[in-house]
Amino acid sequence: TDYTLTVHPDRTGPAISDSMYGVFYEDINHAADGGLYAELVQNRSFEYDRADNPAYSPMTAWTETAVAGGTGRAETVDDGGRLGERNRRYLRLSLDGAGEGGAGFGVTNSGYNQGLTLRKGARYDFSVWARTDRDTGTALTVGATTADGTSLATPLRITARGDRWKKYTGTLTARASAADGRLTVTAGGSGTVRLDMVSLFPRDTYKGRANGLRKDLAEKTAALRPGFLRFPGGCLVNTGSHQAYEAPGWERKRSYQWKETIGPVEQRPVNANFWGYNQTYGLGYYEYFQFAEDIGAMALPVVPALVTGCGQNKATDDPALLRRHIQDTLDLIEFANGPVDSTWGAKRAAMGHPAPFGLTHLEVGNEENLPDEFFARFTEFREAVEAEHPGITLISNSGPDDSGATFDRAWQLNREAGVAMVDEHYYNSPQWFLENNGRYDAYDRQGPKVFLGEYASLDNRFSNALAEAAYMTGLERNADIVRLASYAPLLADTNDAQWRPDMIWFDNETSWGSANYEVQKLFMNNVGDRVVPSTASTTPATTAPITGAVGLSTWATGAAYDDVEVTAADGTALFRDDFSGGDTRWTKAAGRGTWAVEDGAYVQSDENAENTLVTAGDTGWQNYDLRVRATKTSG
Ligand code: AHR
């Protein structure tokens, strides 16, 4: 079959924003710890707990190690000797002094999955917080080996002195590569030495940043040239308790609260990640903002709305807590944009970034199933943010589905309140994506803009990528409505993925982009300025010209209608309006009107301007045989 594509350079399509295509980053599938966050030591602060995952203990990834006959006891302890109120558990090594001189006792860390990945010639920055009760100090030996004990680097010798917590550092250089690396820290002599935050980072992180990011994963993300970075989730944003970390009796499974994730890493509490593992917050809000800046993407943080989603479906009814979260959101804007002499701007500067990050967009909530409860709280966030930061675009939500009662109700609330932008999420079959290319053709041009914050067709096959590419042409054709779009999720560890498909896959040693990644890269690297309208010979079907009173003879004078749908003869959806609660706007002209195409929109000329029908970007004159269906509600 021959197909003809006709391009209309003489017609003007919608402008496409530079930030239209971005990435959705969530710490799911070990995207942060064991993934993008370059830390090689797993459970570095002994905070793993059954509450994060039933298989965990405080010694997860650690084993006791004796060298040259050294003996002792290794225990994890949470007592008054702790490193800090937010970093409570530490390792206590009780050394019995046996075999002084070369002997040692301590622990070995096995990293994530099969081990620490070390590369020949590369340098690794070690650090540990330690204190000792031995007056003469305690000699620590830090070594890197393979799983069978073959040494990979000249060991570091560090002497810990004094019974107050102090940070010690050093560098290991790998003399061979290994995928099953181990990090061993042993102590000689007698007495008690306490260790916490045992850390090993590759020197070669993305852009060489300290506490930085795994280079290959960051580079693959950067190569997309994303217009924005949505973070930190996803379900982990708005699930769990909305109380902040508070010692003692602190709660795991808290919603993601940005203030817990900034400042020195040893002062950040851990959390139980919604996806079933421990979350260190070593990769926190400062690092996300820095990463967004480094890859030239607009930072787009998401804060909890105090209505849980993702199957939890609970609205928090605590006005003081809501006020605190709203204040946290205002403080977040100050953290990102405030001057260095503002309270939160000063914290940003202290972390190394005196210049503002230039935050412009912020989202409240994620996939709430309770639209009314969500919207009531969103409105309070909105009023507060608009009052203090009118320049910030606040993004609202529409629930977890592409359609249905929750979706419709959420959209109705957002539309009626004149919200700037609404987030939509859907994961569907490739067929759905092919069949719904025209989804946004019918969206109300006067209503809120769309942030398509999460979408994917349900696999990583070539056909999925192709269906997504086809669908993206529909997004782009509607760039006046769809302002931002991100495939989801971004990253997945092949060893333990909670969600498929994903855009970039990795293991400890390497990473690769899916076919879907290539599609995203193609679109993101070739964002145009403006849509050039086009028509294809396959553009739907074709009998009667749309002039005159097309198919509207069914309208009855004086009647009210609901659920109006206009479709082409082949069933392609052109226009839909639920006209909630019945509406008499259509009664006056009894369906008379002339259908024409103006500036890429279908228009039914009628005295009643609200009857404007908007569909596909410019398809030019088409011979549509229209079908109109409506529910008569009165008259
Ligand atoms: O992208 C994975 C998950 O899908 C997100 O956490 C959530 O928002 C959605 O349900």
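For segment 228-242, the criterion of being crowded, with 19+ Cβ neighbours inside 10 Å, farther than 22 Å from Glu334 by Cβ, away from the ligand (no atom under 16 Å from the Cβ) and at pLDDT 95 or above is met by none of the residues. Looking only at segment 39-55, decide whether some residue is more than 30 Å from Gln290 (Cα to Cα), of a type in the set (A, V, I, L, M, F, W, C) and in a strand (DSSP E or B). No, every residue in segment 39-55 fails to be more than 30 Å from Gln290 (Cα to Cα), of a type in the set (A, V, I, L, M, F, W, C) and in a strand (DSSP E or B).
For beta carbons closer than 7 Å, sequence separation of 6+ or different chains, a first residue in segment 341-370 that is free of Cβ contacts under 8 Å to residues at least 24 places away in the same chain and a second that is of a type in the set (A, V, I, L, M), the qualifying pairs are Ala346/Val340; Ala349/Val340; Pro354/Val340; Pro356/Ala336.
Cβ-Cβ contacts under 8 Å between residues 6 or more apart (or on different chains), taken from a first residue in segment 400-419 that is in contact (Cβ under 8 Å) with a residue 60 or more places away in the chain to a second residue that is within 16 Å of the ligand (Cβ to nearest atom), are listed as Pro400/Gly309; Pro400/Cys310; Pro400/Glu367; Pro400/Asn369; Pro400/Thr406; Pro400/His425. Take the conditions among the polar types (S, T, N, Q), more than 24 Å from the chain's Cα centre (by Cα), at pLDDT 95 or above and assigned by TED's automatic domain parsing to the domain that holds Val237 and apply them to Ser398. Does it pass? The answer is no for Ser398. When segment 445-465 is filtered for residues that are in a strand (DSSP E or B) and within 13 Å of the ligand (Cβ to nearest atom), the ones remaining, listed by number, are Phe451, Leu452, Gly453, Glu454, Tyr455, Ala456.
Answer yes or no as to whether Leu95 is within 19 Å of Asn43 (Cβ to Cβ) and in a strand (DSSP E or B). In short, no. So, in segment 65-86, how many residues would count as being more than 36 Å from the chain's Cα centre (by Cα) and closer than 19 Å to Met197 by Cβ? Total meeting the criteria: 5. Restricting attention to segment 196-203, does a residue exist that is within 16 Å of the ligand (Cβ to nearest atom) and either basic (Lys, Arg) or under 23 Å from the mean Cα position of the chain (by Cα) (or both)? Within segment 196-203, not a single residue is within 16 Å of the ligand (Cβ to nearest atom) and either basic (Lys, Arg) or under 23 Å from the mean Cα position of the chain (by Cα) (or both).
The residue list Glu509, Glu518, Glu435 contains one member that is free of Cβ contacts under 8 Å to residues at least 24 places away in the same chain, more than 15 Å from the ligand (Cβ to nearest atom) and in the same structural domain as Val237 (by TED's automatic domain parsing), which is Glu435. Looking across segment 350-381, just one residue is within 16 Å of the ligand (Cβ to nearest atom) and among the small types (Gly, Ala, Ser), and that is Gly365.
Among residues of segment 313-339 that are in the same structural domain as Asp372 (by TED's automatic domain parsing) and closer than 21 Å to Leu236 by Cβ, those with a Cβ under 8 angstrom from a residue that is surrounded by fewer than 18 Cβ atoms within 10 Å (Cβ to Cβ) and of a type in the set (S, T, N, Q), sequence gap 6+ or separate chain, pair up as Leu321/Gln243; Asp331/Thr343.
Take the conditions (1) surrounded by 15 or more Cβ atoms within 10 Å (Cβ to Cβ); (2) closer than 30 Å to Gln267 by Cβ; (3) more than 16 Å from the ligand (Cβ to nearest atom); (4) not aromatic (Phe, Trp, Tyr); Leu413 misses just one of them, which is (2).
Matching residues to (1) in contact with a Gly (Cβ under 6 Å, 6 or more places away or on another chain); (2) outside any loop (DSSP other than H, G, I, E, B); (3) of a type outside the set (A, V, I, L, M); (4) modelled with pLDDT of 95 or more:
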| residue | (1), (2), (3), (4) |
| --- | --- |
| Pro248 | no, no, yes, no |
| Tyr256 | no, no, yes, yes |
| Leu300 | no, yes, no, yes |
| Leu321 | no, yes, no, yes |
| Arg324 | no, yes, yes, yes |
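Taken over segment 289-318, the criterion of being away from the ligand (no atom under 16 Å from the Cβ) and either closer than 21 Å to Ile395 by Cβ or touching an Asp or Glu at 6+ places or on another chain (Cβ under 6 Å) (or both) is satisfied by Phe289, Phe291, Ala292, Glu293, Ile295, Gly296, Ala297, Met298, Ala299, Leu306, Ala315, Thr316.
May I ask you to list the residues in segment 467-526 that are in contact with a strand residue (DSSP E or B) (Cβ under 6 Å, 6 or more places away or on another chain), part of a loop (DSSP other than H, G, I, E, B) and under 15 Å from Ile28 (Cβ atoms)? Of everything in segment 467-526, those that are in contact with a strand residue (DSSP E or B) (Cβ under 6 Å, 6 or more places away or on another chain), part of a loop (DSSP other than H, G, I, E, B) and under 15 Å from Ile28 (Cβ atoms) turn out to be Ala488, Leu490, Thr494, Pro501, Asp502, Met503.
The values are calculated or read from the model by the stated rules, or taken from the named source; none is laboratory data. Owing to the predicted nature of the structure, the values given are computational and were not obtained by experimental measurement. Note: ideal-geometry Cβ built from the backbone for every residue, glycine included; neighbour counts use all protein chains shown.
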